[in-house]
Each structure stands twice: as C-alpha cells, then as structure tokens.
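Accompanying notes for the structure given below.
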C-alpha cells in the first residue's frame, strides 16, 4: 500500500497552495468552480453543483513535459550601415560645381511634376502647365547640361582609366550586393551557425554619364540603395536625391577582403562553394532534428569591398566572385586582405 502526503494552505480569496511529494501546485476557485495547476504541470477544471455532490472534472496534461522544447530566441539587433549626411561631402572648392548640379536636378524634378499635369489636361490650366513642363524637360536634357572639359596629365589619365577598368571587372560578377544592415547573432544554432546576419540589396554599375553632365570622358556610375557614386577623373560625385556632394580621391579609402556567407537564396553561377551547413544546426555541425524541413545550405566565398572616407562615406559591397574583388583591388592599387 502506498501513502501520499498532501498539505493544503488556504491563502484566502479562493486561492490555495497544494504541497505534495510531486511538488507545489496551486488553485483558485469559487463555489461551483475551481481551476487547479498540479505539480506535474497539468491543468484541472472542476465544475460542481453546491449541495448535491455532483461534479465534473476536465483535465489537460502538459504534453511538452519531458520533450525537448524549442525556446524563443532574441532576434539580432540590426544596425544600419549608412554614410554621413550629404552636407559632409560639400567642400568649398567644389561649391560652384555642386550648386550647378543641384540646380539642374531641381529643375528636372519640377519638369516631372509639370509634365504629370498632362493627365489632367481636361482643364486648360493643366494643359498649360504640362506644356511648360515639356519645354523645361527639353531644356534640362539639352541646354541645361553642365559641360566638363579636362586637360589631364598622364597620372590622372592612368588613374581614371584604371578606375573605370576596375569597376568594369567587378561588374563581371554574377551578383553584386550592397550591405544595408548587419547584426550579431546570439543563438547561432537557429541561424545555420552564422555569427552575424546582414540585410543586402543588389546594386548596378553602369558606364554612362548622368543626364546633367556633358563630357567626352568615360564615366562610371555605381547606383546604390540610397545614393549614386559618379567617378570623375578628379573626384567622386555623391548623389542623394536632389542633393549633391563631392569627395576627393585622396580622401577615399578602399579595403578588399572576403567573407564566408551562408546562402539562403539561389547560388550565383560564378560562386565558389566551400562547405555546407544546416539551417538549424547543432554545435557539432549535425542537423537539429527538432526542426522539420531543416534544409542544407551552402557556404559561399564572396568578395568584400569597403569604401569609406574621413568625411563619412561608409559603403560595404559584396560580389559573388572573390577573384573579381582581388582584380578590382589590384587595378586601383589595393592589397588584398587575405
């Protein structure tokens, strides 16, 4: 015969604490109804009719007891990777140049709005404003262009040609990304073993002069998420909306490296896969079997290019082929950080 020792402590207000060998339970109730949380984690609801001896008991068990649980983890805190405000790239020596471009960009924006009023041409006033916008747009695209004439010595010619060639080589990568955010991972097991997460977006490299510049020299534009970089022989123009900045090459620094990236999207065709991991992974590299549909992910070797300046430029780029990043660095005289 087994014995069970139970002690009940009435706390008042319908609350009661139950002590037993299994542990501590508690309950609360009023005449006709009581809910009990047992020491084993079960929840028991008792319904009764006072004075009749009739009662009904409903009990639910703790189904997760004894099974491994998947605990909630704190999401990584993502930090934006941004450059300084455009006002930081407006040195006095470029003031007239910057003002001229900002004027053209403002006129172009106004012409866009005025041309849009053609859609409301059922009223004469909007027909008139639409025609003004059309003529303003023609002026911006023709007479409003800023002419740039360079008389370059051999040093500047060679540097500019190498800069153009470097970006052309980088553009041969199947995929190019700008890193917009990054954050450290506290629980690497549920993030495929990664130590950090990034938010990225594709960017474009085009060899074409902006519409507001008229020149015979070759120009590269790097179109990023919030800004566009225009590479001229003597400076880099930074465009953010209708605001313009300019940075001397002497103020720009570039670091070249590589990163091992756990790819959750389609692997670019020119990427080197160096290993594989699991989306949910144990410390020893085996898949965490608590998760269903735990897929295997490739670890890719990507090139990293970090552009920054003392004035606040801060841009991180990834390319799918690290070899193009190395060639990029060699052309502009940057040593590859292995």
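The values are calculated or read from the model by the stated rules, or taken from the named source; none is laboratory data. Only a predicted model underlies this, so the values are computations on that prediction, with no experimental measurement involved. As a convention, Cβ positions derive from the backbone with ideal geometry for all residues, glycine included, and neighbour counts pool all protein chains shown.
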Can you tell me how many residues in the stretch 297-338 are within 23 Å of the chain's Cα centre (by Cα) and over 30 Å from residue 237 (Cβ atoms)?
-> 5
(1) surrounded by fewer than 17 Cβ atoms within 10 Å (Cβ to Cβ); (2) farther than 22 Å from residue 321 by Cα; (3) at pLDDT 75 or above: which one isn't true of residue 199, the others all being true?
-> (2)
Checking residue 258 against (1) surrounded by 13 or more Cβ atoms within 10 Å (Cβ to Cβ); (2) out of contact with any strand residue (DSSP E or B) (no Cβ under 7 Å at 6 or more places or on another chain); (3) closer than 28 Å to residue 80 by Cβ, which test does it fail?
-> (2)
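Every residue, every condition in (1) farther than 30 Å from residue 36 by Cβ; (2) modelled with pLDDT of 75 or more; (3) assigned to a helix (DSSP H, G or I), yes or no:
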{"site": "76", "(1), (2), (3)": "yes, no, no"}
{"site": "101", "(1), (2), (3)": "yes, yes, yes"}
{"site": "119", "(1), (2), (3)": "yes, no, yes"}
{"site": "122", "(1), (2), (3)": "yes, no, no"}
{"site": "128", "(1), (2), (3)": "yes, no, yes"}
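Only one residue in 233, 210 is touching a strand residue (DSSP E or B) at 6+ places or on another chain (Cβ under 9 Å) and assigned by TED's automatic domain parsing to the domain that holds residue 314. Which one? I'd like the intermediate steps shown before the answer.
On the way: 233 fails: touching a strand residue (DSSP E or B) at 6+ places or on another chain (Cβ under 9 Å).
After applying the criteria, what remains is 210.
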Report yes if residue 312 is surrounded by 13 or more Cβ atoms within 10 Å (Cβ to Cβ), out of contact with any strand residue (DSSP E or B) (no Cβ under 7 Å at 6 or more places or on another chain) and in the same structural domain as residue 225 (by TED's automatic domain parsing), otherwise no.
-> yes
Look at the stretch 262-298 and say how many of its residues are within 16 Å of residue 173 (Cα to Cα) and outside any loop (DSSP other than H, G, I, E, B).
-> 2
Filter result for residue 158 (in a helix (DSSP H, G or I), out of contact with any strand residue (DSSP E or B) (no Cβ under 6 Å at 6 or more places or on another chain) and modelled with pLDDT of 95 or more) | no
